[in-house]
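Below is one structure, written out as structure tokens, with a few remarks after it.
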Amino acid sequence: MTTPILDVHQLRTWYPVRRGLLGRGAAWLRAVDDVTFTVMRGETLAIVGESGCGKSTLGRTILRFVEPTEGNVWLDGHRITEMSRVELRRLRRHMQVVFQDPASSLSPRMRVRDIIAEPLVNFGLAGDRAAVDARVADLLCQVGLPRSAAERYPHEFSGGQRQRIAIARALAPEPDLIICDEAVSALDTSSKAQIVNLLSDLQQRLGLALLFISHDLAVVEHIADRVAVMYLGKIVEIGERAALFEQPAHPYTRALLSAVLDPSPARRHARIMLRGEVPSPIDPPSGCRFRTRCPYAFDRCAAEEPELRERPNGQSAACHLDALPALS
């Protein structure tokens with residue numbers, strides 16, 4: 001049986017907040033709440049959902065940029081959540097991240113050569129200058145940039161080219177997992193397509209695992225092997241991309257997919273307009289968190305929180321309904 005490269009188990013990230021008169025009332029903002037999933041070697045798992053659902057916090061908690069409240073994360077069998085800072089530093093070369101905005105994640109004062117070489121130096125992977133220059137040139141070639149780019153500064157490149165530099169930096173220590181946190185959302189349509197194709201090519205060639213965090217379902221359909229849908233800090237559906245896009249098992253997933261423009265008449269459905277506002281993660285609804293906006297909610301939804309259970313087509317959904325009603 002294949003061991004997952006990433007194993008996330010019952011992960012919670014809660015933030016203490018104050019509310020009420022003079023901020024005396026204590027409460028918790030449940031950004032990530034009891035999330036469990038795995039990512040296999042060479043697989044792309046996409047995490048999708050509306051803004052504020054906890055996607056980016058989940059990614060940052062896995063990397064331990066944010067400390068988890070509860071739960072565990074294993075990377076290739078190593079328990080990240082129990083590691084000391086020294087141990088974690090040694091393991092970080094195996095998990096890298098590409099952020100949303102390359103303009104802010106690349107130092108404007110450093111040449112591209114030094115930006116890409118920095119992980120090599122930090123993790124003790126650098127040789128002499130000639131070896132570093134050769135490695136930087138190879139990485140630039142892998143992401144589709146010329147060797148001459150090494151002597152230039154980030155501001156001299158377009159947004160898509162800067163993201164290629166960020167990807168080259170992430171590839172430098174030869175990681176097993178790359179977390180892409182909205183890595184294409186700040187790009188124009190053409191650059192977005194090019195970066196998605198680049199990530200797919202690199203993954204196939206290098207055997208990388210990708211955790212692809214995005215709100216763009218059109219991009220997700222192109223790059224993902226499996227998709228996990230988050231709502232108010234919880235995964236409400238997870239499964240193979242094709243099954244989830246063709247036959248969603250959760251009402252929230254169905255609503256998200258109805259907002260995607262699809263050229264195929266067979267998959268084009270009327271837009272599902274969700275009622276009400278997204279509840280506060282400080283005070284989520286009882287039972288199913290989606291029930292206040294769900295068109296199919298019934299009494300049990302308020303009384304009992306649904307478990308994430310497997311459906312006949314292989315995906316799992318946290319819904320009390322065995323199957324969604326057919327759309328007219």
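Scan region 56-69 residue by residue and report those that are assigned to a helix (DSSP H, G or I), in contact with a Ser or Thr (Cβ under 8 Å, 6 or more places away or on another chain) and either under 14 Å from LEU6 (Cβ atoms) or of a type outside the set (S, T, N, Q) (or both).
Within region 56-69, LEU58, THR61 meet the criteria.
Mind checking which residues of region 139-188 are assigned to a loop (DSSP other than H, G, I, E, B), under 20 Å from GLY207 (Cβ atoms) and in contact with a helix residue (DSSP H, G or I) (Cβ under 7 Å, 6 or more places away or on another chain)?
Answer for region 139-188, where residues must be assigned to a loop (DSSP other than H, G, I, E, B), under 20 Å from GLY207 (Cβ atoms) and in contact with a helix residue (DSSP H, G or I) (Cβ under 7 Å, 6 or more places away or on another chain): VAL143, GLY144, ALA172, PRO173, PRO175, ASP176, ALA183.
Would you be able to say whether some residue in region 259-277 is closer than 20 Å to VAL32 by Cβ and either in contact with a Pro (Cβ under 6 Å, 6 or more places away or on another chain) or at pLDDT below 95 (or both)?
Checked against the condition, which is being closer than 20 Å to VAL32 by Cβ and either in contact with a Pro (Cβ under 6 Å, 6 or more places away or on another chain) or at pLDDT below 95 (or both), region 259-277 yields no hits at all.
For region 278-328, give me each residue that is assigned to a loop (DSSP other than H, G, I, E, B), at pLDDT 90 or above, under 24 Å from the mean Cα position of the chain (by Cα) and surrounded by fewer than 17 Cβ atoms within 10 Å (Cβ to Cβ).
Of everything in region 278-328, those that are assigned to a loop (DSSP other than H, G, I, E, B), at pLDDT 90 or above, under 24 Å from the mean Cα position of the chain (by Cα) and surrounded by fewer than 17 Cβ atoms within 10 Å (Cβ to Cβ) turn out to be PRO279, SER280, ILE282, GLU307.
Could you tell me whether ALA218 is surrounded by fewer than 16 Cβ atoms within 10 Å (Cβ to Cβ), among the aliphatic types (A, V, I, L, M) and part of a helix (DSSP H, G or I)?
Spelling it out, ALA218 is indeed surrounded by fewer than 16 Cβ atoms within 10 Å (Cβ to Cβ), among the aliphatic types (A, V, I, L, M) and part of a helix (DSSP H, G or I).
Any chance region 77-91 includes a residue that's within 22 Å of GLU307 (Cα to Cα) and in contact with a Lys or Arg (Cβ under 8 Å, 6 or more places away or on another chain)?
Taking every residue of region 77-91 in turn, none turns out to be within 22 Å of GLU307 (Cα to Cα) and in contact with a Lys or Arg (Cβ under 8 Å, 6 or more places away or on another chain).
Could you list all residues from region 128-144 that are in contact with a Leu (Cβ under 9 Å, 6 or more places away or on another chain) and within 12 Å of VAL112 (Cα to Cα)?
VAL136, LEU139
Filter region 163-209 down to the residues that are modelled with pLDDT of 95 or more and basic (Lys, Arg), then identify the one that is nearest to GLN96 (Cα to Cα).
For region 163-209, the residue satisfying everything is ARG169.
The values are calculated or read from the model by the stated rules, or taken from the named source; none is laboratory data. Keep in mind that what you see is a predicted model, and the values were worked out from it rather than measured. When we count neighbours, we look across all protein chains shown, and the Cβ atoms used for this are built from the backbone with ideal geometry, even at glycine.
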